[in-house]
Structure formats: structure tokens, C-alpha cells
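Accompanying notes for the structure given below.
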Amino acid sequence: MAETVLELDDLTVRFRLRRGDLTAVDGVSFSIARGETFGLVGESGSGKSVTARAIMRLIPDPPGEIQRGRILFEGNNVLERSDAEMRALRGRHIAMVFQEPMSALNPVFTVCEQISDALRTNLGVTKKEARERVIELLALVGIPSPQQRVDSYVHEFSGGMRQRVMLAMALSCNPGFLIADEPTTALDVTIQATILELITSMINRLGMSLLFITHNLGVVAHSCDTIGVMYASHMVERGKTRDIFANPQHPYTVGLLNSIPRLDTQSKYLTPIQGSVCSMMDPPAGCKFHPRCTHAMDICRQKSPEFREVAPGHFAACHLHNRG
Amino acid sequence: MLLEVRGLTKHFRLNGDIYSKIAGEKTQLLKAVDGIDFHIRKGETLGLVGESGCGKSTTARLVTRLIEPTAGEVRLKDEDLLAFSSKRMKETRKDIQLVFQDPYSSLNPRKTIMHILSRPMEIHGLARTWAERREKVLDLLQRVGLSAEHIDRYPHEFSGGQRQRIAIARALSVDPELVIGDEPVSALDVSIQAQILNLFRDLQEEFGLTYLFIAHDLSVIRHISDRVAVMYVGKIVETGPAAALFENPLHPYTKALLAAVPEADPGKAPPKLTLKGEVSTPIDPPPGCRLCGRCPRETAICAQIEPPLVDVGGDRQVACHNL
Ligand SMILES: Nc1ncnc2c1ncn2[C@@H]1O[C@H](COP(=O)(O)OP(=O)(O)OP(=O)(O)O)[C@@H](O)[C@H]1O
Ligand SMILES: Nc1ncnc2c1ncn2[C@@H]1O[C@H](COP(=O)(O)OP(=O)(O)OP(=O)(O)O)[C@@H](O)[C@H]1O
Ligand code: SF4
Ligand SMILES: [Mg+2]
Ligand SMILES: [Mg+2]
């Protein structure tokens, strides 16, 4: 068993909004080993990005607050680090690709300036060396004519090119741990495949670990070792990729897998999970999925299901697995 | 015919600034969109796919006149859209709605969701009273999988996919005729994505909405589109009915694209990269076919003469010398 690089234990994040409290992440635990790729999937708004930001200590406080839990990175609790220690950790050791590139890129700096800034502070290279390295990185992420594009501003780049600039920035300092929040949503499948190959090569070469957040279940199927599924701020299922696809144990996961449009046939309507998404300000009692679940029983409306091992290495939080 | 585009072209100047001129650098042209033709009939959905950076969003911005073309024609219901006065264009904006690829930058951070969604209705005189507008906003939110608890929040208080749904709701709020969706469902989980795609389908059945749908997810494109256009570095290289194009892709780039789709099944073979070499550049591209240097079927003629988009029967068109 490879050593554990990241361990989340009972992470709970709350936002205090004008109308009341919103628990965005509730009691989430998982760990990631060296060289492992952990896929975090689940409902839009279920707390995936907030989990990622919590690891980077980037939750705005106020209104956000880490209410409970520990985040151990290489054995030390990130939540107890000083701001200076965090700055030293970010970029160099843990890097992140943000879901919305424009939220993290600066419109007044050129692509070269933004990426070389990270290189120069973290690796102390000269301006000239940094520029050479930036051009190399742009070529690696498939930007055509990198020599001519390196002095462009991000608004002169397409959506997918911005996403690749973010990725180049994150990979620039060879981080040991990468958090990639939807890093390929703006990429066509051939460039996506190129990017995934690049990431795999860094995992193999540097033993990098990866927290991979994505809605693309095709990408998850081929890139992740382990998967965690989130619904309404909870992790509802976790297991090896093959087991989750072959034998999903939580009704939400089953519904999710049934919603995927297919490439080989065309149907007029798709089959989403019935019912509407659950309120985060005023969530239902018991299992958060019960109003939409076709298997819901009385106990589901009253008691939160425990997250328990239903098969070796395969966990789910559902009362269907609590009987007997 | 609702929308007809002919010879649409957008070239950006690189190094066009004063410093480069002083330094004596030669101005280079980035041919983002380089003479494309397509049409969309009323009530139809055209799917637009292609390599990242090939000019899809630029096409969307040209068709909505957010930027002006270098050359070419855009006709809306047989009228020259590019000749519309700014007053006429303002009225027409209601009918052509664009869901931007980047909801983060397209939503005003200082306004609540109620304001963002009701303001366009107010401007276009669609719902007169505040109560009417609020009711309509609540209905829209519910249709895109959000609810009353979101109405008074600000854009930064949402997840990426929630923001994307606000952008969709805004586009639908003014009862448009043509909706251009630039990656409108890319940040959604597949269940909410299915719900939104079904909503698009319902609106099309009910009101005859027309869609230009840009997406990288080819199963989404196959599902939603009647016809599909495939772009590569500023050019359309193949068009045709969705089913035919997906079952029997003709252009080498379309083939490569379909081979690289990762299937949602870990037991299946991983996606294949069939294009070799470096990505093609839109900056002063060499003559000939843009896929030159990467194409498995390349012959001598490919580097010399640009293949025109020609009819191959069955409502399909392909631009390749070696079919
Ligand atoms: N700054 C904030 N203030 C208030 N609420 C927030 C803030 N950021 C996120 N939230 C809320 O927290 C919940 C979790 O958001 P998060 O961004 O983690 O979702 P996600 O799983 O990443 O979704 P998506 O797939 O749509 O990106 C959402 O309900 C969201 O509205
Ligand atoms: N304002 C601009 N100035 C210079 N170049 C630009 C500008 N806007 C776009 N471009 C360039 O035009 C080309 C096409 O960009 P566009 O945004 O249309 O691509 P796209 O097909 O939408 O890509 P993606 O799938 O990544 O979103 C890119 O090379 C881009 O860098
Ligand atoms: S606990 Fe009950 S409601 Fe929740 S998923 Fe399981 S069966 Fe359905
Ligand atoms: Mg997110
Ligand atoms: Mg785009």
C-alpha cells in the first residue's frame, strides 16, 4: 500500500448567508495515496469545489467557515498551518486548476507574465529561463504557435486555451499533488486525450497524486483509480472505479449512470433522476436523497444512513444496506 | 430559413500594437474564422463541434454581432443582419440569445439573481409588473433545477454549474427565437444535464425554437442535433445529418474526433489519439488543407490546394481531397 498523501476526516464547511446557514460540505472523509487518482463526481452544487477550495484553504471567511474536521497533507493538518506556510505549500506542493479559468487568471497580465510569476517565486529561475519554460509548457498543453501566443492576454484565448493556460500554470512547478476541478470541460476530445496523457506521464514520472473533479463520466472511467460520489453536501458512495461502474450501490449513483446520453443511439428524451434537487438551506431530514429515491422506506425519512462498507473497499450511505 | 451564414470570416491582428510596430515586427493574421457557410432552418438544431480554438465561440459572437466580421454575410430570416441599424439590432437582440461559454464573466457580480433574470424582461417589456416578473423568474429557476432559495443571492454564491444554469435561464427569459448555446451544459452533472436537454427539446416542440448548439461532448451533440457541422482551424470540414455523420464519419478529422471519445465504461478500450504531430496553427496558416502534417490520408495535393466543401449526397458535405 502506497503512503497516504492527503486525508480528509469529517470535513464540514458552512456558509453563513443572509437568509440562514448553508452547509456546503457535511462530514466528508476520504484519502488519496501517492500516485493515486481520486475522482470526485456528483450533483452540481453538491460541494465538490468547496471541498477542493478547503484543501487549498481558499474558502472566503466570512461568510465561509470550516466547522469541523481535519485535512491532513503529508501528515500535517492544513487547517493549523500559518498563512505563510500555506503560501509556501500552494503552487509548489499542492497546485490547483480552478473550475472557471477567468476566476483565477488576471486579465491585465499576459500569459507569459502569469505563468512565469509562479515559476520565478517557486523555483527562483531567471526571467529569460522562465519565458523559455512557459513556451515549452504551452506547447505541452497543445497551444499552437506558442512563440507567437506567449505574449497574448487571456481574453485573446479561447475558452479551452484559457483552461490549458491554467493547467500549464498548475503543472509548471511539478507539484506532488494536483487538484483539477473540471480541467477539460472546454476541450475537444482529442486535446482532452492529449492533456490526460500529459497528466498520466506526470503521475508516472513524479509520483504525483491527483484529485480529479469532473462531470465527464467517460473521463472518470478511464483516468481514475477510485471514485467518490457526492450528493447534497454528503459523500454517498466511494469505491474502486470498476466497482462503482459495474456495481453502483447508492440509488443516486445508479440514477446518475442512467442519465448519460449515448453516442451510438439517438433518443428524443433523456432520463434524468426524477424530482428536483434538494434544498441546501433547508435539507430534508434523514437521507437527503429520499424525496427522489424510488427505494425510499420509512427509515429513510427519519434517520441519516451511515457510510458503511458494503463490499471490500466499497462504501455507501444508504439504508438499503443496513438491513439485517 | 432562420439563419444563413455565407463566407463568414474573422481575422485578428497579432502584434498590431504600437510597440511591435516600433520594433519593426511584421503584423501577423490569426484567422479565427476563415470563410464558413452554414444555415439553420426554423425549429432545427445545428450542432457545432471542433478542436479547442477552432473558432466556434468567435462564430457565435459574429452571429450575435458582438463583434463585426472581417468579411461575409449573416442573414436572419432573409434579411441582412449586418446592415441592421443599432436601434433595430437592439430589438433583435431579444430574438437571438447567446448563452456564453464562461458564465463566471457573463453574470454581473453586483446584481442578485432576481435582477439578472428580470432585467431583460423589463427592458423588452415582457412582464409589466414586479410581481409578474418574480413569478416568471421563479418558474425559470425551477425549470433549470434551481429554486426560490436562490433568488436573492449573488453570482459568486453559486457553484459553477449553478451559474451556468442561471445563464441559461437568462437566455430563455425573453422568449427568444434562436438560442446560441456555447457549451451551455458543460458544467452540469449528467442528471441535471439530461433535465436541461429535455427542457430545450420541450421548448423546441412547443415554440419552434431554433438552436445553434456548441459542445465538446459528442454524445450530447448527437442527442440534441438534427444536423452537425465540424470545424477545424477556422474552416468547416464536414456537415451532415447527425445520425449519418456519427455512424459514418467521412472527414479524417471527424473520424479522429469520434475515436477519441472516452466511453463511460472502464471495461471498454481507452480513447485513441489517431492524429499525429503538432496542433495546426491559425496564424498565417500555410496553403492547402489545414490538417496537413497530421492527417493519416494525406497525399501531395493536400499541401498545395485547399479542399473545398463539396456535396457528397445525403445532405452531407465534406472538404477532403482523399475521400
Ligand atoms: N461563496 C459562497 N457563498 C455561499 N454559498 C456558496 C459559496 N460557494 C459555494 N456555495 C454553495 O455551496 C454549495 C456547494 O458548491 P460547490 O461549488 O462546491 O458545488 P460543486 O459540487 O462544485 O458544483 P458544480 O458541479 O456545479 O461546480 C452550493 O450549493 C453553492 O451554492
Ligand atoms: N480578441 C481576440 N484577439 C486575438 N485572438 C483571438 C481573439 N478572440 C479569439 N481569438 C483567437 O481565435 C481563435 C478561435 O477562438 P474561439 O474562442 O472562437 O475558439 P473556440 O472554437 O470557441 O475554442 P474553445 O473550444 O476552446 O472554446 C483562437 O486561436 C483564439 O485565440
Ligand atoms: S437511504 Fe433510502 S432514500 Fe436514501 S438512497 Fe437509500 S433507499 Fe434511497
Ligand atoms: Mg464546482
Ligand atoms: Mg469557445
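The values are calculated or read from the model by the stated rules, or taken from the named source; none is laboratory data. Owing to the predicted nature of the structure, the values given are computational and were not obtained by experimental measurement. Don't worry about glycine lacking a Cβ; one is built from the backbone with ideal geometry, like all the others, and counts go over all protein chains shown. Heads up: the accessible areas ignore ligands, DNA and RNA and are worked out on the full protein's heavy atoms, side chains in. Shrake-Rupley method; radii C 1.70, N 1.55, O 1.52, S 1.80 Å.
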Test for A:Ser116: is it more than 13 Å from every other protein chain (Cβ to nearest Cβ), farther than 15 Å from B:Ser186 by Cβ, open to solvent by 10 Å² or more (accessible area, probe 1.4 Å) and touching a helix residue (DSSP H, G or I) at 6+ places or on another chain (Cβ under 8 Å): yes
Helices (runs of 4 or more DSSP H) enclosed by the stretch B:1-109 - at least 3 residues per element that are β-branched (Val, Ile, Thr): B:56-63
Every residue from the stretch A:274-309 that is in contact with a Cys (Cβ under 9 Å, 6 or more places away or on another chain), open to solvent by less than 50 Å² (accessible area, probe 1.4 Å) and hydrophobic (A, V, I, L, M, F, W, C): A:Cys287, A:Phe289, A:Cys293, A:Ala296, A:Cys300
The stretch B:106-135 - residue that is of a type in the set (A, V, I, L, M) and open to solvent by less than 30 Å² (accessible area, probe 1.4 Å) and, of those, modelled with the lowest pLDDT: B:Ala127
Subset of the stretch B:149-161 [at the interface with another protein chain (Cβ under 9 Å from one of its Cβ atoms) and away from ligand 2 (no atom under 16 Å from the Cβ)]: B:Glu149, B:Asp152, B:Arg153, B:His156, B:Glu157, B:Phe158, B:Ser159, B:Gly161
Tally of residues being assigned to a strand (DSSP E or B), open to solvent by 10 Å² or more (accessible area, probe 1.4 Å) and more than 20 Å from A:Ala54 (Cβ to Cβ) across the stretch A:207-250: 1
From the options A:Phe73, A:Phe30, residue that is within 16 Å of ligand 1 (Cβ to nearest atom) and among the aromatic types (Phe, Trp, Tyr): A:Phe30
Those helices (runs of 4 or more DSSP H) lying entirely in the stretch A:1-108 with at least 3 residues within 16 Å of ligand 4 (Cβ to nearest atom) and within 13 Å of the chain's Cα centre (by Cα): A:48-55
Close pairs from the stretch A:91-105: first within 14 Å of another protein chain (Cβ to nearest Cβ) and touching a residue at least 60 places away in the same chain (Cβ under 8 Å), partner assigned to a loop (DSSP other than H, G, I, E, B) and open to solvent by 20 Å² or more (accessible area, probe 1.4 Å), Cβ under 6 Å, at least 6 apart: A:Met102/B:Asp102; A:Ala104/A:Phe98
Positions within the stretch B:58-72 being crowded, with 24+ Cβ neighbours inside 10 Å and of a type outside the set (A, V, I, L, M, F, W, C), in sequence order: B:Thr59
Search result, residues across the stretch A:250-293 that are more than 10 Å from chain B (Cβ to nearest Cβ) and free of Cβ contacts under 8 Å to residues at least 12 places away in the same chain: A:Val254, A:His290
Lone qualifier among A:Phe73, A:Phe109, A:Phe30 - being out of contact with any helix residue (DSSP H, G or I) (no Cβ under 8 Å at 6 or more places or on another chain) and among the aromatic types (Phe, Trp, Tyr): A:Phe30
Of the criteria (1) within 14 Å of chain A (Cβ to nearest Cβ); (2) over 20 Å from B:Val174 (Cα atoms); (3) at pLDDT 95 or above; (4) more than 16 Å from ligand 5 (Cβ to nearest atom), which one B:Asp37 fails: (1)
Test: residue in the stretch A:174-190 that is in a helix (DSSP H, G or I), out of contact with any Pro (no Cβ under 9 Å at 6 or more places or on another chain) and closer than 30 Å to B:Ser191 by Cα: no
Number of the exception - A:Glu182 against (1) more than 26 Å from A:Arg92 (Cα to Cα); (2) at the interface with chain B (Cβ under 8 Å from one of its Cβ atoms): (1)
